[in-house]
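Heads up, the thing below is written out as structure tokens.
The values are calculated or read from the model by the stated rules, or taken from the named source; none is laboratory data. Bear in mind that the values here come from a model prediction, so they are computed numbers and not experimental data. Cβ atoms come from the backbone with ideal geometry, glycine included; neighbour counts cover every protein chain shown. Side chains are part of the model used for accessible areas, which takes the heavy atoms of the whole protein and leaves out ligands, DNA and RNA. Shrake-Rupley method; radii C 1.70, N 1.55, O 1.52, S 1.80 Å.
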Amino acid sequence: GDSSMQFPMTIWSNKQFIEKVNTETISLGLYYGIMVAMVLYNLFIFLSVKDLSYLFYILYISSYTIVQMSLNGLTYEYFWPNSPWWGNHSLPFIISLCSIAILVFANTFLKIKENIPRFHKFFPIFLVIGFGLMIGSFVIKYSIIGQASILFAVLVAVIALVLGFICVYRGYRPARYYLIAWSVFLISILLFTFKSFGLIPAVFITNYGIQLGSAAEVILLSF
């Protein structure tokens, strides 16, 4: 395919390699267990209170979990092993879907229409871009649509954070919890990025920073 792959070269003894695989398996199992539990927990709340923000939050958690499973190679291994075509096109599609879910959740949870009406006017434009990228993932070359979907996701993450700051500044109390959760997640992304560029060592907290940060985020937002 046209996707990128990292091949870190490491020499292991048999014992060390087995320990590494066992640690990784347990860690990923705990992480995905937390994410699935949060989906079910928020689904129960949504069915109880009928608040749409919980439904959009479920969409965000679910799509983000699938993104992580794709990056770990688990979706192709367990969900669509006989569909290499979809395996090569699914990641930008799901990343774009996740970005849309973040926008819709932020818009609902932060009550953007009331708190930041100027931004709310531009909200449909971002949705159109997101849906365009989802459709483009089927027809545009992966190396192009993959980068475009990631850039859109970064833009959405920045917008989501800025919206949180503005709402806190304007005295909307729920935005405090939203901002704390997002900050934890973005710090974990920065640690992972610095590790990828060799600026900080590859240790447990940097190797699994995104998983730890996203798990902390979904738990904080659920509270």
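Identify, from the list Leu212, Leu155, the residue that is at pLDDT 85 or above, among the aliphatic types (A, V, I, L, M) and open to solvent by 50 Å² or more (accessible area, probe 1.4 Å).
Details: Leu212 fails: at pLDDT 85 or above.
The match here is Leu155.
Is it the case that some residue within the stretch 161-170 is small (Gly, Ala, Ser), assigned to a helix (DSSP H, G or I), more than 25 Å from Tyr32 (Cβ to Cβ) and in contact with a Gly (Cβ under 8 Å, 6 or more places away or on another chain)?
So in the stretch 161-170, the residues small (Gly, Ala, Ser) come out as 164.
Subset that is assigned to a helix (DSSP H, G or I): 164.
Now narrow it down to the ones that are more than 25 Å from Tyr32 (Cβ to Cβ): 164.
So of that shortlist, the ones also in contact with a Gly (Cβ under 8 Å, 6 or more places away or on another chain) come out as none.
Among the residues of the stretch 161-170, not one is small (Gly, Ala, Ser), assigned to a helix (DSSP H, G or I), more than 25 Å from Tyr32 (Cβ to Cβ) and in contact with a Gly (Cβ under 8 Å, 6 or more places away or on another chain), which makes the answer no.
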